[in-house]
Amino acid sequence: MELSEADRAIRRFINEQPLYAPFVIRPEGVGGNPPDRPRMPASILRHCQRCDSGSAWVLAFPTNEDRKQNNRFTDEIASYICGHCGKETLTLWFVHEAHEHNERKRPIAWAFTKIGQNPSPQRLMDRDLAEALGGEIAKLYRKGLTSIAHGFGIGAQAYFRRVLEESCNVILEMFAQEAKAAGDLDAETRIRDAMTNRQMDERLKEAARALPSSLRPGNANPLKFLYDHYSRGIHRMEESDCLDAAQRLDWAMTYIFKGWRQQMQEARAFREVISEDPYAEE
Ligand SMILES: [Zn+2]
């Protein structure tokens, strides 16, 4: 069954939304009628730490029987259990309120806010990333993750900007080395030149421009992504925009140190095999 936009949104709320940050959902009404308030779905997809699998989790509370009681507990608590191991659970405490009404004063959008979650919504810092950044920067990074988990957008964005400032040259060095390994010495020189720029945003911008297409998996430029979200600044941004920018910086940095690096290592290994291939035609 195809999930509607609202179905996907409520799943994103359950899996990804930090605490205390309102999450607005606008379901489609059926047949011209105003929509019903979204309910917690009967199942969600989620990664299980315990059995290390991405599996369907089923709603354990409230059951249909519980819902008949129709009290605030059945309406503001939801508990899911991993369908694979049957042991790991996720419990949310949340509130909801009408966020927008139509001209007949019927609600058409709702704001859901998590007020508690067990286990905590805090993402653990990736181990490879922590090692690559080093102890002091990793400490700042974890503070950023704690701020995200508690919905402190401005604080989180400030931490991630600091992390990026402190680790910029570690990141650019990695890209310069990959450019060299790919035989693109011109790109390597340009990235190294960018590293000497005193302006942090200029450093990222120049290095992003110098990044050859061989280092852009799927034609995505990871340095430009970092630049875009770093340079959004924090001064004129709303709390929720800061939260969004911080989450994207976290995602991008984790991706660069895990996914991107791995793809580049595989590409390098592939190039080596090809260059040693005795059957290759000149
Ligand atoms: Zn499990």
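The values are calculated or read from the model by the stated rules, or taken from the named source; none is laboratory data. Predicted model only: the values in this text are computed from it and were never measured. Reconstructed Cβ throughout: ideal geometry from the backbone, glycine too, with neighbour counts over all protein chains shown.
Those helices (runs of 4 or more DSSP H) of segment 164-281 in which 1 or more residues are hydroxyl-bearing (Ser, Thr, Tyr) and under 18 Å from the mean Cα position of the chain (by Cα) occupy 222-230, 239-255. Restricting the first member to segment 1-18 and to residues that are in the same structural domain as Val30 (by TED's automatic domain parsing), and the second to residues that are in a helix (DSSP H, G or I), the beta-carbon pairs closer than 7 Å and six or more apart or on different chains are Pro18/Ile148; Pro18/Ala149; Pro18/Leu243. Of all residues in segment 87-123, those satisfying the criterion of being outside any strand (DSSP E or B) and either within 23 Å of Ala60 (Cβ to Cβ) or within 16 Å of the ligand (Cβ to nearest atom) (or both) are Lys87, Glu88, Pro119, Ser120, Pro121, Gln122. The set of residues from segment 73-86 being within 11 Å of the ligand (Cβ to nearest atom), without any contact (Cβ under 8 Å) to a residue 40 or more places away in the chain, on the phi < 0 side of the Ramachandran plot and of a type outside the set (A, V, I, L, M, F, W, C) comprises just one member, His84.
The single residue among Asp7, Asp52 that is acidic (Asp, Glu) and surrounded by 11 or more Cβ atoms within 10 Å (Cβ to Cβ) turns out to be Asp7.
Criterion applied to Thr146, Thr189, Thr113 was being farther than 30 Å from Cys48 by Cβ, modelled with pLDDT of 90 or more and polar (S, T, N, Q), and the one residue passing it is Thr189.
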